[in-house]
Amino acid sequence: MGVEQKLGNMGIVTTTLETVVNWSRTNAMWPMLFGLACCAIEMMAAQASHFDMSRFGMELMRASPRQSDLMIVAGRLSRKMAPVLRRLYDQMPEPKWVIAMGDCASCGGVFNNYAIVQGVDEIVPVDVYVAGCPPRPEALIHGVMTLFEKVKGEKFKDLAAK
Amino acid sequence: MTQIEEVSLEQFKHLVSERALRGETMLLNMGPQHPSTHGVLRLLLELDGETIVNAVPDIGYLHTGVEKNMEAKTYLKAEVMSDRLDYMNPLGNNLAYCMAVEKLVDLDVPPRAQALRVILVELQRIASHLVWIGTFGLDLAAMSMFLYAFREREAILDIFELCSGQRMMTTYIRPGGLWRDVPVEFETAVRNFIKMFPKRIDEYEALLTKNPVFLDRLVGIGKLDAATALSHGVTGPTLRASGVNWDLRKARPYMGYEQYDFNVPVRTEGDTYARYLVRVQEMRESLKIVEQALNKLPMGPVISANRKFVPPPRSELGVSMEALIHHFKLWTEGFPAPKGSVYSAIESPRGELGVYLEGDGGPKPHRVHWRTPSFDNLSVLPKIVKGHLVADLVAILASIDIVLGDIDR
Amino acid sequence: MDNKLEPIVKTLQEKFNATFEEFRGEVHVFVTAEQIVEALTLLRDKYDFEMLSAMTASDYWPQQTPRFHVIYQLTSLVKNLSVQLRVPVNGDQPKVPTATRVYETANWREREIFDMFGIEFEGHPDPRRILTPEGIEGHPLRKDFPLGYEEPQFTFNFEEIDLRKPYAKE
């Protein structure tokens, strides 16, 4: 990354500010516990020792929205829960991202009726959709890595426009 | 739909005692999103300092409208939704639904299918209790318990994936038997699990059962006596820890449970520690049943041969005209069920899981009602937390073992 | 019918003028709404039916009399028996006396039946909706309540449904 090859191991790295900011955001993104239904169990399995998510920096699942950057909506969202979801999303500080995990969060899933919101993107803007019912922990990790690539490609001018 | 409403004490007047209206006690909302509520459960707590005066559960945050949605689908297609109700026990839900359908249309199940169903459902029971013990330990800050339990659970989910291709929502148990026969590696995988698992339960017991912190936090907390439990309709390990010996596998045996030799753990204290001990012992008993069923596994077909209700195997479609007609009719329209209603119940890891199924002569059910155990088990919560601290509430709620998908359907 | 159940059904028939039917080995006894609390108390105290296992309702729209059947599934643990009581209820102003004083299970179950079917339970200590959100109109499990089915987006109708769907912008 830059001029350090010429200077040897002087401990200096040169790069762009955007790369550093995006790198730090991806390396320690803290997810917020938002497990609703069955996908929450696969999210917990992804957090457990077999498919470890803490190697991606997500060691802690913060229950408080004020201290988290990523909201993984895992499970079916019912109409009674929808205002609660929006309120929690509003309480998260910028920058924040949303992963819709599972079919029910992406598009309503198996349930096409009066009680389930057909896709969480009716309530909050979603960055990555992970398909599956429930998605395997490896699929969730793939979704998280896709989000990391999206974050690494973010530019400051987009953030300023928001 | 997304407006924030202002609430005032007026709305809760009939739920709380008068001390709250005078301002002596504090009303605290343990909201739907909370690390210890095991799902989206909202508890309205009335606290006097740290002691609980009253706790009112508010459910419905996961209401999925499954009962109405199942009325719009044929009997076979509706089974897909049954997995997702009690999501810790999808094979159990499938079994309850299939038993109700088989009772309604009077369909036979071959013995090999019955034995395999027993093996899978008991493995599912062990998996459900493992998640319970993991989250129980997590709530009481024994986080290593969570990691151990999920490591064992991966072994069971690998067995399910071997049979059906899916880890959790398999829909493997169909009316008439199973979807298809288990592969050859199944027996080796289950035998390896049987060999490995008893030592792991010993590890968990060594970590938790005589642990002084655990004993301090659990003994004498949340006492539930038998009369209250029966009046509230509590079933399962919660009832058996209060002294009532009622297990549907012994009282009303189904799927050949009478052939297997196992005990039903019952304790009389009725507190949280008793519920913990009952469930750990149940894991050992389930393993015994799996071993016996695997040793006695008969040969034969895994699904009923009654072509009016069970689709024929694909190999027959090329040679037989009737098979083609049955296949077409079953997959487009579904099979008709007679007019009448049945109620059939199994013993799920949480209690009595019953299905009330009513047919009206057509291919779609007229009414499907799920009698789910967590609904009644939760209704007893306000009675047993009175006078305890908020930290005890967390332990009691974890020990009742509720699954919100079961409650809200 | 189980021979232990026969005297019980006979008593119910004599005392309440009840009819019964058998289907697949189960016994369903029909009583009226005014008699249900007395019947439940009798079964609980005299015949040891300690547990109300399940309580639900079923809608038979468009027939209006009766439109609903409220179903009580009782279990006796000591005798290992089960019996089902059904109460036919009419469609206009459906009301049934509450069974909360007999079995505590009925408290939440009756709230659920009120929420889903609109059947009112007289004397219930806490008649509020339990599963559906506040402010919803109608009772979802009635047959004349629509399913709320949303048309799936395939490629041929993708844009038109996309315009109608309320996406969250921010």
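Structure summary
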quantity: In the range C:35-91, residue farthest from the other protein chains (Cβ to nearest Cβ) [restricted to those that are among the charged types (D, E, K, R) and within 22 Å of C:Glu122 (Cα to Cα)]; calculated: C:Glu38
quantity: Index of the failed condition, B:Leu178 passing every other in (1) farther than 17 Å from B:Ser128 by Cα; (2) without any contact (Cβ under 8 Å) to a residue 40 or more places away in the chain; (3) among the hydrophobic types (A, V, I, L, M, F, W, C); calculated: (2)
quantity: Flag for B:Gly318 being over 30 Å from B:Thr135 (Cα atoms), surrounded by fewer than 23 Cβ atoms within 10 Å (Cβ to Cβ) and not hydrophobic (A, V, I, L, M, F, W, C); calculated: yes
quantity: In the range B:371-392, the residues that are of a type outside the set (Ser, Thr, Tyr) and either on the phi > 0 side of the Ramachandran plot or at the interface with chain C (Cβ under 9 Å from one of its Cβ atoms) (or both); calculated: B:Arg371, B:Phe375, B:Asp376, B:Leu378, B:Val380, B:Lys383, B:Gly387
quantity: In the range C:1-18, the residues that are in contact with a helix residue (DSSP H, G or I) (Cβ under 8 Å, 6 or more places away or on another chain) and over 14 Å from C:Val31 (Cβ atoms); calculated: C:Met1
quantity: A:Ala100 surrounded by 21 or more Cβ atoms within 10 Å (Cβ to Cβ), within 12 Å of chain C (Cβ to nearest Cβ) and either modelled with pLDDT under 90 or within 16 Å of the chain's Cα centre (by Cα) (or both); calculated: yes
quantity: Segments classed as strands (runs of 3 or more DSSP E), wholly inside the range C:1-90, with at least 2 members that are out of contact with any Leu (no Cβ under 8 Å at 6 or more places or on another chain) and closer than 18 Å to C:Glu120 by Cα; calculated: C:51-59, C:68-76, C:81-89
quantity: Unique match (being surrounded by 17 or more Cβ atoms within 10 Å (Cβ to Cβ), assigned to a loop (DSSP other than H, G, I, E, B) and of a type in the set (A, V, I, L, M, F, W, C)) among C:Ala99, C:Ala168; calculated: C:Ala99
quantity: Whichever residue in the range B:90-135 is of a type in the set (A, V, I, L, M) and assigned to a loop (DSSP other than H, G, I, E, B) and, among such residues, is nearest to B:Val302 (Cα to Cα); calculated: B:Val109
quantity: Filter pass, C:Thr65 being at pLDDT below 90 and among the β-branched types (Val, Ile, Thr); calculated: yes
quantity: The range C:21-45 residues that are small (Gly, Ala, Ser), paired with ones that are part of a loop (DSSP other than H, G, I, E, B) (beta carbon under 9 Å, 6 or more apart); calculated: C:Gly25/C:Met1; C:Gly25/C:Asp2; C:Ala33/C:Pro94; C:Ala39/C:Ala18; C:Ala39/C:Val31
quantity: Elements of type helices (runs of 4 or more DSSP H) contained in the range B:210-266, each with 3 or more residues being within 14 Å of chain C (Cβ to nearest Cβ); calculated: B:226-232, B:237-240, B:248-251
quantity: Condition check for C:Thr155: crowded, with 17+ Cβ neighbours inside 10 Å and polar (S, T, N, Q); calculated: no
quantity: Leading residue by the ranking (nearest to the chain's Cα centre (by Cα)) among those in the range B:20-40 that are more than 14 Å from every other protein chain (Cβ to nearest Cβ) and at pLDDT below 75; calculated: B:Ala20
quantity: Out of C:Arg128, C:Arg109, sole residue that is under 18 Å from B:Phe375 (Cα atoms), in contact (Cβ under 8 Å) with a residue 12 or more places away in the chain and touching a strand residue (DSSP E or B) at 6+ places or on another chain (Cβ under 7 Å); calculated: C:Arg109
quantity: Verdict on B:Arg112 being more than 14 Å from chain A (Cβ to nearest Cβ), more than 19 Å from B:Asp376 (Cβ to Cβ) and crowded, with 24+ Cβ neighbours inside 10 Å; calculated: no
quantity: Filtered residue count, the range B:336-362, keeping only those that are within 11 Å of another protein chain (Cβ to nearest Cβ) and touching a strand residue (DSSP E or B) at 6+ places or on another chain (Cβ under 8 Å); calculated: 16
quantity: Filter result for A:Gly132 (free of Cβ contacts under 8 Å to residues at least 24 places away in the same chain and in contact with a Cys (Cβ under 9 Å, 6 or more places away or on another chain)); calculated: no
quantity: Evaluation of C:Glu14 against (1) over 30 Å from C:Phe145 (Cβ atoms); (2) within 14 Å of chain B (Cβ to nearest Cβ); (3) acidic (Asp, Glu) (one fails), failing number; calculated: (2)
quantity: Failed criterion for B:Pro183 (all others in (1) touching a residue at least 24 places away in the same chain (Cβ under 8 Å); (2) in a loop (DSSP other than H, G, I, E, B); (3) away from chain A (no Cβ under 14 Å) hold); calculated: (1)
quantity: B:Arg153 being part of a loop (DSSP other than H, G, I, E, B), within 30 Å of B:Ala100 (Cβ to Cβ) and more than 14 Å from chain C (Cβ to nearest Cβ); calculated: no
quantity: Test for B:Phe197: is it closer than 15 Å to B:Val280 by Cα, away from chain A (no Cβ under 14 Å) and in a helix (DSSP H, G or I); calculated: yes
quantity: Residues that are facing chain B (nearest Cβ under 9 Å) and aromatic (Phe, Trp, Tyr), drawn from the range A:13-41; calculated: A:Phe34
quantity: Among (1) within 14 Å of chain A (Cβ to nearest Cβ); (2) in a loop (DSSP other than H, G, I, E, B); (3) over 30 Å from A:Asp90 (Cα atoms) - the single one C:Asp115 does not satisfy; calculated: (2)
quantity: Which numbered condition A:Met44 fails, given (1) more than 22 Å from A:Met92 (Cα to Cα); (2) without any contact (Cβ under 8 Å) to a residue 60 or more places away in the chain; (3) within 8 Å of chain B (Cβ to nearest Cβ); (4) assigned to a helix (DSSP H, G or I); calculated: (1)
quantity: Hits in the range B:210-257 (condition: among the hydroxyl-bearing types (Ser, Thr, Tyr), surrounded by fewer than 24 Cβ atoms within 10 Å (Cβ to Cβ) and either under 14 Å from B:Tyr276 (Cα atoms) or under 20 Å from the mean Cα position of the chain (by Cα) (or both)); calculated: B:Tyr254, B:Tyr257
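Condition check ((1) of a type in the set (Ser, Thr, Tyr); (2) more than 10 Å from every other protein chain (Cβ to nearest Cβ)) across all residues:
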{"site": "C:Pro94", "(1), (2)": "no, yes"}
{"site": "C:Thr98", "(1), (2)": "yes, yes"}
{"site": "C:Val102", "(1), (2)": "no, no"}
{"site": "C:Thr105", "(1), (2)": "yes, no"}
{"site": "C:Glu134", "(1), (2)": "no, no"}
{"site": "C:Arg142", "(1), (2)": "no, no"}
{"site": "C:Thr155", "(1), (2)": "yes, yes"}
{"site": "C:Glu159", "(1), (2)": "no, yes"}
{"site": "C:Pro166", "(1), (2)": "no, no"}
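Table: residues versus (1) charged (D, E, K, R); (2) within 30 Å of B:Asp48 (Cα to Cα).
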| residue | (1), (2) |
| --- | --- |
| B:Glu347 | yes, no |
| B:Val390 | no, yes |
| B:Asp401 | yes, yes |
| B:Asp406 | yes, no |
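The values are calculated or read from the model by the stated rules, or taken from the named source; none is laboratory data. The structure presented is a predicted model; accordingly, all values stated were derived computationally and were not measured. No Cβ is skipped: glycine too gets one built from the backbone with ideal geometry, and neighbour counts run over all protein chains shown.
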